[in-house]
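Written below as structure tokens is the structure these notes are about.
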Amino acid sequence: QVQLVESAGGMVQPGGSLTLSCAHIGSIFDMYIMGWYRQAPGKQREMVATLRGGGRREYDDSVKGRFTISRDNHMKTVSLQMNNIKPEDTAVYYCYGKQNDVDYWGQGTQVTVSS
């Protein structure tokens with residue numbers, strides 16, 4: 001059974017940094033795409049950053065220059081380095097993966113930005 005297991009989020013002060021990690025377990029096949037989405041209260045889930053097997057990265061405009069997505073060589077783990085975090089980054093963050101045209105989601109982890 002394919003699972004995406006996320007590290008814990010947490011509370012961080014504005015301007016601070018936090019790294020989220022996600023491990024892909026339960027399959028011998030690599031994920032073609034891995035990434036992160038987030039959902040703030042009362043809003044729709046939105047893409048934060050994605051990374052394809054060929055190395056192409058995409059970021060939402062709101063996080064460009066502040067967040068960096070990276071992965072291990074076998075697309076088994078993907079990380080999101082978040083710097084200069086802002087209050088509007090508060091949300092539940094979901095790890096995402098696509099393998100053989102099937103979408104997979106992690107359970108979600110809360111990130112709260114507050115002073």
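The values are calculated or read from the model by the stated rules, or taken from the named source; none is laboratory data. Note that the coordinates shown come from a computational prediction; the quantities given were computed from them, not determined experimentally. Note that we place each Cβ from the backbone using ideal geometry, even for glycine, and neighbour counts take in every protein chain shown. The accessibility values were calculated without ligands, DNA or RNA, using every heavy atom of the protein model including side chains. Shrake-Rupley method; radii C 1.70, N 1.55, O 1.52, S 1.80 Å.
Residues of the stretch 72-91 being at negative phi, open to solvent by 40 Å² or more (accessible area, probe 1.4 Å) and in contact (Cβ under 8 Å) with a residue 24 or more places away in the chain, which ones? Scanning the stretch 72-91 gives 74, 76, 77, 81, 83, 86, 87, 88.
Name every residue in the stretch 20-39 that is surrounded by 14 or more Cβ atoms within 10 Å (Cβ to Cβ) and in a loop (DSSP other than H, G, I, E, B), in order of residue number. Scanning the stretch 20-39 gives 27, 30, 31, 32. Here the condition is being over 26 Å from residue 112 (Cβ atoms) and hydroxyl-bearing (Ser, Thr, Tyr); of 62, 27, 70, 21, it holds for 27 alone. Go through the stretch 55-73 and give me each residue that's closer than 14 Å to residue 96 by Cα and of a type in the set (A, V, I, L, M, F, W, C). Listed by number, the list holds a single entry, 69. In the stretch 97-114, which residue that is part of a strand (DSSP E or B) and at pLDDT 95 or above is surrounded by the fewest Cβ atoms within 10 Å (Cβ to Cβ)? Checked the stretch 97-114; the qualifying residue surrounded by the fewest Cβ atoms within 10 Å (Cβ to Cβ) is 110. Please indicate, with yes or no, whether at least one residue in the stretch 57-71 is of a type in the set (Lys, Arg), open to solvent by 50 Å² or more (accessible area, probe 1.4 Å), closer than 16 Å to residue 19 by Cα and touching a residue at least 60 places away in the same chain (Cβ under 8 Å). No, that holds for no residue.
Of all residues in the stretch 40-56, which are open to solvent by less than 30 Å² (accessible area, probe 1.4 Å) and either hydrophobic (A, V, I, L, M, F, W, C) or modelled with pLDDT of 95 or more (or both)? Explain how you work it out, then say what you get.
First pass over the stretch 40-56, keeping only residues open to solvent by less than 30 Å² (accessible area, probe 1.4 Å): 40, 48-51, 55.
Result: 40, 48, 49, 50, 51.
Taking the stretch 7-19 as the search range and keeping residues that are at pLDDT 95 or above and closer than 15 Å to residue 78 by Cα, which one is surrounded by the fewest Cβ atoms within 10 Å (Cβ to Cβ)? Filtering the stretch 7-19 for residues that are at pLDDT 95 or above and closer than 15 Å to residue 78 by Cα, the one surrounded by the fewest Cβ atoms within 10 Å (Cβ to Cβ) comes out as 19.
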